[in-house]
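A short reminder: the numbers here are calculations on the coordinates, not readings from a lab. What you see is a predicted model; the values in this text were computed from it and never measured. Positions of Cβ are generated from backbone atoms using ideal geometry, with glycine treated the same way; all protein chains shown enter the neighbour counts.
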Ligand code: SF4
Ligand code: SF4
């Protein structure tokens, strides 16, 4: 078992510390064959960007890809199977988070795991579910979850992140009758070689999508998902027995004395008091594991699915807390970012957030063809000196919920 916690905030700190740790302490885990297939699996749960605490930070993905390229790997793929609602609504979260542009910048591949060949995994009750073959057969599989709360699971970190390896809605649905046990089943079938947790900006409160970002400024790198999730529960000051996948792992005897002891004695310089993910009354009642199967039986009927697909039905579900996401269909029309020099106070914050290290803010004084349009700089600028040209589309929803919070902690 190995685990390291790095403190980092800015892109230069993240890249330097991640590369140094991987090179110094984890190089022996890397395959000798430089042509092997490398899969990097972030959490791209929704189109809310990393600064909301929802999805894996592009700066961290950039750090890992730069390291892998420096080591000489030639076949690197960023792969994720976004949650069912976006898939059903035909919304590409990968594109909306500009992960495709990040991949283009580095010359690596991108794969939507919802459209993959499958291999079967045994779930509870004799059910078999299809996971992405590329993950199961990768020569190097790196799990890159977000550190966040989750209203059903308690927390979502390494163990829960593998749900994105289930192919399409049909296979994802198969987890739900025994969600936590099946998350453990996924983790005993798929064994990533390395876990790199994005805790730079985490999420507390009503995660995984409607919580609040909390600046925790850490990256965890390790080999054992059970231990890392235990340590993350300590970092958030949560009792691990309230975290569904860890409870299921304990029932199965996977939280051995060695794992519990390692986590308990792991030195943490600082812990945080995360607000717990308390669902509203209705959502809490329905999502209780004792009742959820009745809800699922209704949810899976054609009539209910139709009602949910209407705008009014979707809004009602969101307002009631039964649905965490609003699936805004409007795409963003991005016609460029420019700098308003009269507004800029040269605080330098934007430069710490650019995943591709553009020399901000001055790089925006002229067209910047290398910009991957992630809008991190735009989100953090306290003086609103970075001007967006075009139509924000779905991004308006993020701004309405998170703009002040992000500018507040950045
Ligand atoms: S964050 Fe805004 S105000 Fe600060 S340097 Fe960048 S553009 Fe200027
Ligand atoms: S300049 Fe801004 S929008 Fe462009 S890649 Fe850098 S942080 Fe993202």
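Miscellaneous remarks
- Residue 384-residue 133 pseudo-label distance in nm [points 7 Å out on the Cα-to-Cβ vector]: 5.2 nm
- Taking each residue as 0.36 nm, the span from residue 16 to residue 241 lengthens on full extension beyond its C-alpha to C-alpha distance by 77.5 nm.
- Among 92, 116, the order by Cβ neighbours within 10 angstrom, fewest to most, reads 92, 116.
- Per-residue extension of 0.36 nm, minus the Cα-Cα distance of residue 370 and residue 89, leaves a gain of 98.1 nm for this segment.
- Each of 278, 259 was scored by other Cβ atoms within 10 Å of its Cβ. Arranged with the fewest first, they read 278, 259.
- FRET efficiency, residue 254 to residue 27 (Cβ-Cβ, R0 25 Å, nearest 0.05): 0.35
- Our summary of shape: the Cα atoms of the chain have principal axis extents of 62, 54, 41 Å, ordered from largest down, in whole angstrom.
- Inter-site label distance for residue 36 and residue 333 at 7 Å from Cα along Cβ, in nm: 4.8 nm
- Between region 126-172 and region 344-410, the Cα center-to-center distance that results, in Å: 31 Å
- Short-range pairs are left out: with C-alpha atoms under 8 Å and at least six residues apart, the relative contact order of region 3-277 is 21 percent.
- Paramagnetic reach from residue 2 in region 216-241 [backbone N under 12 Å; point 7 Å along Cα→Cβ]: 221-224
- Neighbour counts of other Cβ atoms within 10 Å put 23, 353 in the fewest-to-most order 23, 353.
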